[in-house]
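S.K.: Below is a structure I'd like to ask you about.
The values are calculated or read from the model by the stated rules, or taken from the named source; none is laboratory data. This one's a predicted model, so the numbers in the text were calculated from it and none came from an experiment. All Cβ positions, glycine included, derive from the backbone under ideal geometry; neighbour counts span all protein chains shown. The protein model used for the area step is the full one, side chains on, heavy atoms only, and it has no ligands, DNA or RNA in it. Shrake-Rupley method; radii C 1.70, N 1.55, O 1.52, S 1.80 Å.
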There are 2 protein chains.
Amino acid sequence: MDFIDDYLPVSLHETAFIPIIYAQGSDEQAKYWGPLAEKHQIIGCYAQTELGHGSNLSELETTATLNRDTDQWIIHSTTFTASKWWIGGLGAVSTHALIQARLIIDGKDYGAHGFIVPIRSLKDHRPFPGVKVGDIGPKSYGGFSKIDNGFVRFENYPIPRENMLMRFAKVTRDGQYIKPPHSKLAYGSMVLLRSHMVRGAGITLARAATIATRYTTVRRQFHVPTSRKDAANPALETQVINYPMVQSRLFPIIAQSYAMLAAGNKMRSMYESMLSELMQGDVSSLAEVHAISSGLKSTCSTFAATGVEDCRKIMGGHGYSYFSGISHLWSSYVPSNTYEGDNFLLTQQSARYLLKQIKVATTDPEKAERCSVETVNDWLRPEVQLAAFEHRAGRLVGDLAIAAVQDGMVWSDLNLECWKICHAHSQYVLARSAIEGVAGVRDQGVAKETVRVLKRLSDLFALHTIQASLGDYLEDFYVSPAQCQSLRQQIKNLQDALADDVVGLVDAFDFPDHFLGSALGSIDGNAYQRLWDAAQKEAINQVEVVDGYKEYIVPILNQYGAAKL
Amino acid sequence: MDFIDDYLPVSLHETAFIPIIYAQGSDEQAKYWGPLAEKHQIIGCYAQTELGHGSNLSELETTATLNRDTDQWIIHSTTFTASKWWIGGLGAVSTHALIQARLIIDGKDYGAHGFIVPIRSLKDHRPFPGVKVGDIGPKSYGGFSKIDNGFVRFENYPIPRENMLMRFAKVTRDGQYIKPPHSKLAYGSMVLLRSHMVRGAGITLARAATIATRYTTVRRQFHVPTSRKDAANPALETQVINYPMVQSRLFPIIAQSYAMLAAGNKMRSMYESMLSELMQGDVSSLAEVHAISSGLKSTCSTFAATGVEDCRKIMGGHGYSYFSGISHLWSSYVPSNTYEGDNFLLTQQSARYLLKQIKVATTDPEKAERCSVETVNDWLRPEVQLAAFEHRAGRLVGDLAIAAVQDGMVWSDLNLECWKICHAHSQYVLARSAIEGVAGVRDQGVAKETVRVLKRLSDLFALHTIQASLGDYLEDFYVSPAQCQSLRQQIKNLQDALADDVVGLVDAFDFPDHFLGSALGSIDGNAYQRLWDAAQKEAINQVEVVDGYKEYIVPILNQYGAAKL
């Protein structure tokens, strides 16, 4: 599936249906449903989102009501907006859905729980009576074009009681609800998906950065009056990648890719240790891992979606060709900013956790901390970089604390502030992951020159990220105007120093040409020829006169009689 | 064509081929070619971009060499990268192309000039000998899907000498080159296209803002513990548009739409007076109009492309449905950030002009100007807002002047700084256009309450734009931390005050539902039902079992034998 490199109708079967059965099903359920799913004897999907509600689990309108007599759940779409919607794999292919529905016993509502619900018959694929299922239609930008995102409505549709996932909460034969040991246990599966997304963001951005770096090395534009650049070939125009306007946009993107890959590795090990604790009923690290993974998901998927499209724009006009290989990457990636927790909303819960964890910086400008940078090279000290990130997060928490006690203020009025805090913290995590990543490589005895290049990249990530929020740092006098100048100078120094290594840095991702799927970003640099060749293969170019000429073009040309030239 | 609302193979015939014939053709040429084109007896396109070069006219590699004996131009693609590429309408439909080629007489190169070149026979639509023409293939994000962007190569292809456009430069029968009265006269047509784009950016963003405003009014999400909002219906969830996170993203977009429409009107009258001057050989306003139109093109098309996609994201998951009506708007709009002058490169020439026009602010922080704001409401004074924009532009020019004299610095190293200056100036023009627009409406005797609302919108545009560059204002102490706080407070006040009027403000654009083409943004607010109805009409939902079930799904389900459930 990695090499097919596209979202398929069975993608969520693999990435959601199967893992959730194992994570939230009891041992017997895992033993029964797991092998059926792994052998693809059933094909499943994960149905949480409804027409009316997405990430807001507690307001879902689909219900599962216990019928004690028949020992069944009655699945029902209580309103029009209860229709499940967007469910990947459900439109045409799935036989089963893992649905989230509000569990109701004797009129009492226990909130959302997971249920395995048969949708289409294994005999003939027809939907079962009481199930109205179909496809929701095309998606934006041609994204997810190979996934059958679907809808489903249930009309008092019975399923066995045992189809409720019962690792944590349970319902017995006599209708007794046994609550889970911890109310947030179901968050585990969200943490899993979001953890994957950190690394995924890094890989996605790395692909786009590879294409843009290679193409802007091939592309030459304008004769620039300088002896410094392209000195060896004065007859040639300047390589586009040599312009500061390109370097200042592209190099930070390469640095972000590396930082996110480092953070992705870290996130994976955090998740794995949390999971083994959870399996033993230990929930102590859940809040922290949930907060960090939510924040990183929001920050990294924003970086990646923005950065991929920036890479396309950096490539100029040819970037808009489908053959650039970037657009289908972006069109299927960008919804990640919305799914698994909208990037703007997701940060609300995490911010509450962070409020308790982050040391509040004073908001009195006179007494506040100051950045210790004196020379341009002080910006290269990791402790200086991390101190800046920590300071900003602390300062924003302090601002929020003040805002929160104002008259008539309610929590939801502060969601903008929470979002800022959460991103500030994620930036800290990313910068730290990058710094630790470089240290790790150094400890492994990698060649010094390689370590030096990676250090520059880590520095560029930190300093570019600080620069992007410079207003925050200036407003409480943490940095001075002179430090702003030295920061910009250091960023320019780093870009200059990295200029000869960026091609190597993206080659190091080692993406095969087949995987990149880009006429402009192939490793041989033969961009123009490949763009030409790709066009020649188009069906429309196999005929000399386009189909429809006589029916559609001639009547236009001849409406006032043929031209006499 | 407005109501078809899509780019068609004949779009550039109407918007480029015909106007350029009239603007750059001699009177006789206009009289000959104009009616042929207007009656569609010929269909034309505009061929400037090549595989190797886009906006860099002086490096185009297609040549037109005079053959005195035959009184013909020999059009030739001198290299592989000389192939014309991206030409809208050329792939399948055009009979003629208005090409840019380097004019060569007796080995002397006079630079790029325009020529009318027959491409396909009017008899049978076959390309003429010496012409290799075809389609360049699909574009990113499904954009421009109905335009046949094409390529063409010429192999020593002769056309009559009279096919050179000769309003300005001329070549006589005896091969004498008569240079144009002003070297930049050809810029006139670029100014025309860019001027249109300012208003176009406003319209495009207004459409997306309309859809997002209506849908976020319909959409409700989360019960928020507040007596203030939705107090009339405590049982209902909060309208999404009531969240500050949504208001702070959406309301400035509405304000940008209005400001760009105001600037578009202004730009149009500037262009019209310049054109009538140009026709009389008066080039005095060309430099200014060219600089302002280039800057506004860059700033406005960036605002619009970013804002349209932000609107889609603001709408949450359903925004990613093709039925949102936003995605096809964006996918065809976003290349405008690259064409007619890449938004990052376009600003270079303008910056040189602005350098001479903008009063340089001192870069000595001690002696510098200070923002005069004392109370929150001082931010509402137009002169305060304009002073801030002017100050920033002046300060950036001062910085550039310092950078430009550093050792070894070349102009192209400063393109980032030029880009900033140009945008700072465009923001000033936009803010001023909005302020003058409100004054104009007031002078027309429009109802006071309407003027008050428009004033708020103009204020929000100015203050939100200032806030987005707050770091620049803080770095030279133009604004103080206290002023930053009052700025944020005033922005919040404006958003609160506008909350009840935003639906009216987007309804005032008066886009018909048919034109919006959005299930989520129709004027009746029946978003969910329309989304459902749109999906039901899909072909895939007209059958109970998807085509291909037996061929593709059954083999997967049965690879380990059928499940025994």
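S.K.: Taking the label point 7 Å from Cα in the Cβ direction, how far apart in nm is A:GLY561 from each other copy of itself, listed shortest first?
M.R.: Between copies, matching label points for A:GLY561 lie 8.2 nm apart.
S.K.: With a 1.4 Å probe and every protein chain left in place, work out the accessible area per residue of region B:71-115 in Å², rounded to a whole number. The partial results should precede the final answer.
M.R.: Working: 1120 Å² over 45 residues.
Roughly 25 Å² per residue, with all protein chains present.
S.K.: Quick one: with label points 7 Å out along Cα→Cβ, list the inter-copy distances for B:GLU383 in nm, shortest first?
M.R.: Taking the point 7 Å beyond Cα along Cα→Cβ, the inter-copy spacings are 5.3 nm.
S.K.: Would you pull out the residues with amide H under 5 Å of A:ILE87's amide H, same chain only if 5 or more places away, H placed 1.01 Å from N?
M.R.: A:GLY150
S.K.: Follow-up. Between B:SER26 and B:SER121, what FRET efficiency comes out of the Förster formula 1/(1 + (r/R0)^6) with R0 = 30 Å and r the beta carbon distance, rounded to 0.05?
M.R.: On the way: r = 26 Å, r/R0 = 0.87.
After rounding, the FRET efficiency stands at 0.70.
S.K.: Please list B:ASP69, A:ASP109 from largest to smallest accessible area, probe radius 1.4 Å, with all protein chains kept in place. Walk me through the intermediate numbers first.
M.R.: On the way: B:ASP69 135, A:ASP109 65 Å².
So, going from the largest accessible area down, we get B:ASP69, A:ASP109.
S.K.: Tell me the carbon and sulfur percent of the accessible area for the protein assembly as shown, rounded to whole percent, probe radius 1.4 Å.
M.R.: Values: 24490 of 45160 Å².
Roughly 54 percent of what the probe reaches on the protein assembly as shown is carbon or sulfur.
S.K.: Rounded to the nearest 0.05, what FRET efficiency do B:ARG452 and B:ARG268 have when you use their Cβ-Cβ distance and R0 = 22 Å? If you can, show how the numbers build up before the last one.
M.R.: Details: r = 27 Å, r/R0 = 1.24.
So, using R0 = 22 Å, E works out to roughly 0.20.
S.K.: Here is a follow-up. Between B:GLU436 and A:SER58, what's the calculated FRET efficiency when r is the beta-carbon distance and R0 is 45 Å? Round to 0.05.
M.R.: Details: r = 50 Å, r/R0 = 1.11.
It comes to 0.35.
S.K.: With the Cα gyration tensor of the protein assembly as shown giving a ≥ b ≥ c as the square roots of its eigenvalues, does the rule (a/c under 1.5 for rounded; else a/b larger than b/c for prolate; else oblate) give rounded, prolate or oblate?
M.R.: Details: a/c = 1.66, a/b = 1.33, b/c = 1.25.
Cα axes put the protein assembly as shown in the prolate bin.
S.K.: Label points 7 Å out from Cα along the Cβ direction at A:ALA387 and A:GLN559: separation in nm?
M.R.: Rounded to a tenth, the inter-label distance reads 7.3 nm.
S.K.: Using a cut-off of under 18 Å, list every residue of region A:389-403 whose amide N is near the label point 7 Å from the Cα of B:GLN485 along the Cα-to-beta-carbon line.
M.R.: Label zone hits: A:394-403.
S.K.: Along the Cα-to-C-beta direction of B:MET409, a point sits 7 Å from the Cα; which residues of region B:286-328 have their amide N less than 15 Å from that point?
M.R.: Backbone N within reach: none found.
S.K.: Do you know the Lys pair count in region A:189-504 for C-alpha distances under 29 Å, with sequence separation 8 or more or different chains?
M.R.: Lysine pair count for region A:189-504: 28.
S.K.: So, one more: For label points placed 7 Å from Cα toward Cβ, what is the shortest-first list of nm distances from B:PRO19 to its copies?
M.R.: Sorted ascending, the copy-to-copy spacings read 5.2 nm.
S.K.: Taking 0.36 nm per residue of separation and subtracting the Cα-Cα distance, what length does fully extending B:LYS108 through B:GLN536 add?
M.R.: Difference between extended and current length: 147.5 nm.
S.K.: To the nearest 10 square angstrom, what accessible area does B:GLU340 show with a 1.4 Å probe?
M.R.: 60
S.K.: In what order, largest first, do B:LEU329, A:LEU57, B:LEU487, A:LEU236 sit by accessible area if the probe radius is 1.4 Å?
M.R.: Working: B:LEU329 20, A:LEU57 50, B:LEU487 0, A:LEU236 75 Å².
Ranked list, largest accessible area first: A:LEU236, A:LEU57, B:LEU329, B:LEU487.
S.K.: In nanometres, what is the gap between the two model label sites at B:ILE178 and B:GLN357, each 7 Å from Cα along Cα-to-Cβ?
M.R.: Result for the modelled spin labels: 3.3 nm.
S.K.: Can you tell me how region B:359-442 classifies by the Cα gyration tensor, rounded, prolate or oblate, using a/c under 1.5 as the rounded cut?
M.R.: On the way: a/c = 4.11, a/b = 1.74, b/c = 2.36.
It comes out oblate by the Cα gyration axes.
S.K.: What are the trypsin sites (Lys or Arg not before Pro) within region B:462-547 that DSSP puts in a loop, where the Cβ has at most 16 other Cβ atoms within 10 Å?
M.R.: Numbers: sites: B:ARG488, B:LYS492, B:ARG530, B:LYS537; in loops: B:LYS537.
Loop-located and lightly packed - B:LYS537.
S.K.: What is the interface area between chains B and A, defined as buried accessible area summed over both chains with a 1.4 Å probe, reported in Å² to the nearest 100?
M.R.: On the way: alone 27750 and 27770 Å², together 45160 Å².
That pair hides around 10400 Å² of surface in total.
S.K.: Next question. Setting aside same-chain residues fewer than 8 positions from A:LYS179, which lysines have a Cα under 20 Å from its Cα?
M.R.: Candidates past the 8-residue exclusion: A:LYS108, A:LYS170.
S.K.: With every protein chain in place, what's the accessible area of A:PHE128 (1.4 Å probe, Å², nearest 10)?
M.R.: Using a 1.4 Å probe on the heavy atoms, I get roughly 70 Å².
S.K.: Right, another one. On a C-alpha basis, how far is the centre of region A:60-124 from the centre of region B:302-360 in Å? Whole number, if you could?
M.R.: Spelled out, the Cα-based centre of one part sits 43 Å from the other.
S.K.: Still on this structure, please answer the following. Given the DSSP H assignment, sum -39500 (n - 2.57) over each helix run of at least 4 residues in the protein assembly as shown and divide by its residue total; what's the result at 222 nm in deg cm²/dmol, nearest 500? Could you put the intermediate results ahead of the total?
M.R.: Working: 32 runs with 510 residues, N = 1130.
When only DSSP H runs of four or more count, the value is -15000 deg cm²/dmol.
S.K.: Would you please classify the overall shape of chain A from the alpha carbon gyration tensor, given that a ≥ b ≥ c denote the square roots of the eigenvalues, rounded means a/c under 1.5, and beyond that prolate means a/b larger than b/c while oblate covers the rest?
M.R.: Working: a/c = 2.08, a/b = 1.21, b/c = 1.72.
Judged from the Cα gyration tensor, chain A comes out oblate (a/c at least 1.5, b/c at or above a/b).
S.K.: Something else: Give me the one-decimal Kirkwood hydrodynamic radius in Å for region B:11-173, with the sum taken over alpha-carbon pairs. Spell out each step's value before the answer.
M.R.: Working: mean 1/r = 0.0636 Å⁻¹.
Over region B:11-173, the inverse of the mean reciprocal pair distance is 15.7 Å.
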